[in-house]
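Read the structure below first, then the notes.
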Amino acid sequence: VIVMDNILLQQLGLKQIGDGNHEIVERKTELVLYSRNLNGQSLRRLAELTRPATLVQSMSSLRIIKLGFNNLECEGAIILAESLRYSHELESLDVGFNCIGDNGAKAIVHALAYIPKLTSLYLSGNKISSEGFLALSQSMESRIKSRSDSSSRSDSRSSNNSSSTVDDSIQHLYV
């Protein structure tokens, strides 16, 4: 797991833990970095400081990522989206208030295909126009259709109607 201690935060040029105003929590299944002045450059530096194998292991176990109130912008959103392809267990992603814009939103939307368990997506407070919302809408339609098709296939294969399917589509979307 990526250890986010004060020394690493200083190397990234971020606020220290325990400054009284912000909280950082890092556990095996949760990464919370609210209001840490993260941007694309600091995310790229983080990727350089961590070995790829460690990053893959970390991302694959995370269920919650909260990166709200930073300054990710498009560059940071793209870097995040690239790492999300390893986040198969991710259930909640918060990238609200990050000045992401349309291209950053599109990158995250494309990463949704790799995150089958995602049920909450927070994009509030970003600079997303109708172009970004259209990409998000199309992705949501595709997820729903994919789940519907796979549910139909599993129903037709099963002769016993007692099996139940879990709807793990995005249930909470904040834009």
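When the residues of the range 68-90 are filtered to those that are part of a loop (DSSP other than H, G, I, E, B) and open to solvent by 10 Å² or more (accessible area, probe 1.4 Å), which remaining residue is farthest from LEU118 (Cα to Cα)?
ASN71
Across the range 114-134, what is the number of residues that are surrounded by fewer than 19 Cβ atoms within 10 Å (Cβ to Cβ), of a type in the set (Gly, Ala, Ser) and in contact (Cβ under 8 Å) with a residue 12 or more places away in the chain?
Looking only at that region, the number is 4.
Under 22 Å from ARG63 (Cβ atoms), modelled with pLDDT under 95 and of a type in the set (S, T, N, Q): does that describe SER130?
no
The values are calculated or read from the model by the stated rules, or taken from the named source; none is laboratory data. Since this is a predicted model, take the numbers as computed values, not measurements. Every residue, glycine as well, gets a Cβ built from its backbone with ideal geometry; the counts of neighbours run over all protein chains shown. These area figures cover heavy atoms from the full protein model, side chains too; ligands, DNA and RNA do not enter into them. Shrake-Rupley method; radii C 1.70, N 1.55, O 1.52, S 1.80 Å.
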